[in-house]
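**Q** Before anything else, here's the structure in question.
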Amino acid sequence: MADSSGKKDALPRLLLFTDRRQCGARGLAYTVQAALEAGAPVVILREKDLSQREQALWAKRLLGLTEAVGAQLRVASNIPLASSLGIGVHLAASDAFPDLDLPHVGRSCHNGAELARAEAEGVDSVTLSPVFASLSKPEYGPVLTLNGLSHLVGMSGLAVYALGGVTPEQTVAVRRAGAYGVGTMGTVMRAPDPGAVVAAYLRELL
């Protein structure tokens with residue numbers, strides 16, 4: 001895993017979480033392909049409602065797409081699948097920390113206690129959410145706001161990605177609040193032109 005004090009700045013600035021249910025008729029593979037062609041550096045397969053077999057099939061399909069352009073694929077919570085493919089994992093706040101050597105271990109956090117736990121575990125990065133109200137997960141809350149994000153980022157030396165309702169237009173604000181980068185899902189998954197949205201994020205992040 002990365003040394004958060006020395007290698008953090010080498011991590012990508014944008015994380016793209018998948019949700020095939022928001023992609024509409026064009027489907028997940030098309031959406032991810034368009035995002036990758038626009039420069040998305042990391043795709044996190046987050047299809048937890050699928051069976052283990054279905055997740056594995058999607059992971060192998062998306063791994064082919066990411067490897068073709070030099071991007072990374074990670075999987076949400078599914079440690080056995082991450083291990084079998086030699087890819088990173090992004091843990092939910094309640095997931096046990098893996099006793100495995102994986103290329104990257106990230107964790108979702110929502111408050112100071114979860115952030116402190118993640119740092120003590122030695123994760124490579126965290127997402128903090130929801131920063132703003134999110135159409136993808138309207139039940140998550142309360143929102144952190146920029147002030148809350150800034151306060152929590154100041155507690156940690158980890159690479160913190162702002163997640164939850166963060167549009168390309170809000171990227172500069174969350175970076176000024178201290179976020180290392182941005183995590184996104186619905187803003188890209190629902191977009192008529194996913195590549196254009198990814199390009200807009202990257203213009204503000206790079």
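**Q** Pick from 52, 33, 22: which residue has the top mean-square fluctuation in a GNM of the chain where Cα pairs under 10 Å get a spring?
**A** 52
**Q** Something else now. Using θ = phi - 60° and the Karplus form 6.51 cos²θ - 1.76 cosθ + 1.60, what ³J(HN,Hα) does each residue of region 48-61 get, whole Hz, x for Gly and Pro?
**A** Once θ is set to phi - 60°, the couplings for region 48-61 become 5, 7, 7, 5, 4, 5, 5, 4, 5, 5, 5, 4, 5, 5 Hz.
**Q** Continuing with this model, one more query. Would you work out the relative contact order for the chain, in percent, from Cα pairs under 8 angstrom that are 6 or more residues apart?
**A** Working: 393 pairs, mean separation 50.0, N = 206.
So the answer I get is 24 percent.
**Q** OK, next. Using modelled amide H (1.01 Å from N, peptide plane; none on Pro or chain starts), what sits under 5 Å from the amide H of residue 15, excluding residues fewer than 5 places away?
**A** So residue 15 has HN proximity to 182, 183, 184.
**Q** Ratio of region 11-205's C-alpha Rg to 2.2 N^0.38 Å, to two decimals? Please list the in-between numbers first.
**A** On the way: Rg = 15.4 Å, N = 195, 2.2 N^0.38 = 16.3 Å.
Relative to the rule-of-thumb radius for its length, region 11-205 sits at 0.95.
**Q** Taking amide hydrogens as modeled 1.01 Å from N in the peptide plane, which residues meet the under 5 Å criterion relative to residue 127, leaving out close sequence neighbours?
**A** Long-range HN contacts for residue 127: 107, 108, 109, 161.
**Q** Using label points projected 7 Å from each Cα along Cα→Cβ, tell me how many nm separate residue 169 and residue 21, to one decimal.
**A** The modelled label-to-label distance comes out at 2.7 nm.
**Q** Shifting gears a bit: Please compute the modelled spin-label separation between residue 48 and residue 120, points set 7 Å along Cα→Cβ, answer in nm with one decimal.
**A** The answer from the label model is 2.2 nm.
**Q** From the backbone phi of region 174-180, what are the Karplus-calculated ³J(HN,Hα) couplings (6.51 cos²θ - 1.76 cosθ + 1.60, θ = phi - 60°) in whole Hz, Gly and Pro given as x?
**A** So the Karplus estimates, Gly and Pro as x, are 6, 5, 5, 6, x, 5, 5 Hz.
**Q** How many nm is it between the label spots at residue 30 and residue 99, if each spot is 7 Å from the Cα in line with the beta carbon?
**A** 4.6 nm
**Q** Another question about this same structure. Using a cut-off of 11 Å between beta-carbons, work out the net charge of the residues near residue 200 (Lys and Arg +1, Asp and Glu -1, residue 200 not included).
**A** Within the 11 Å Cβ shell, the charges total -2.
**Q** Once phi is turned into θ = phi - 60°, what whole-Hz ³J(HN,Hα) does the Karplus curve with 6.51, -1.76 and 1.60 give for every residue of region 88-95, x standing for Gly and Pro?
**A** After applying 6.51 cos²θ - 1.76 cosθ + 1.60, I find x, 10, 10, 8, 6, 4, 8, 6 Hz.
**Q** Please identify, among 76, 38, 96, the residue showing maximal mean-square fluctuation in a Gaussian network model of the chain using a 10 angstrom Cα cutoff.
**A** Ranking 76, 38, 96 by mean-square fluctuation puts 96 first.
**Q** Set the Förster radius R0 to 30 Å, insert the Cβ-Cβ distance between residue 84 and residue 145 as r into 1/(1 + (r/R0)^6), and round the FRET efficiency to 0.05. Can you show the working numbers first?
**A** Details: r = 40 Å, r/R0 = 1.32.
E between residue 84 and residue 145, to the nearest 0.05, is 0.15.
**Q** Jot down the per residue volume, in cubic angstrom and as a whole number, of the convex hull over the alpha-carbon atoms of region 14-76. Numbers along the way, then the final one.
**A** Details: hull volume 4.6 nm³, N = 63.
Convex hull volume per residue, Cα atoms: 74 Å³.
**Q** Per DSSP helix of 4 or more residues, -39500 (n - 2.57); summed, then divided by the residues of the chain. What does that give at 222 nm, rounded to the nearest 500?
**A** Values: 8 runs with 77 residues, N = 206.
Taken over the chain, the calculation gives -11000 deg cm²/dmol.
Taken together, the values in this text are just the output of simple stated rules run on the coordinates, not laboratory data. Here the structure is a predicted model, which is why all the values come from computation and not from measurement. All Cβ positions, glycine included, derive from the backbone under ideal geometry; neighbour counts span all protein chains shown.
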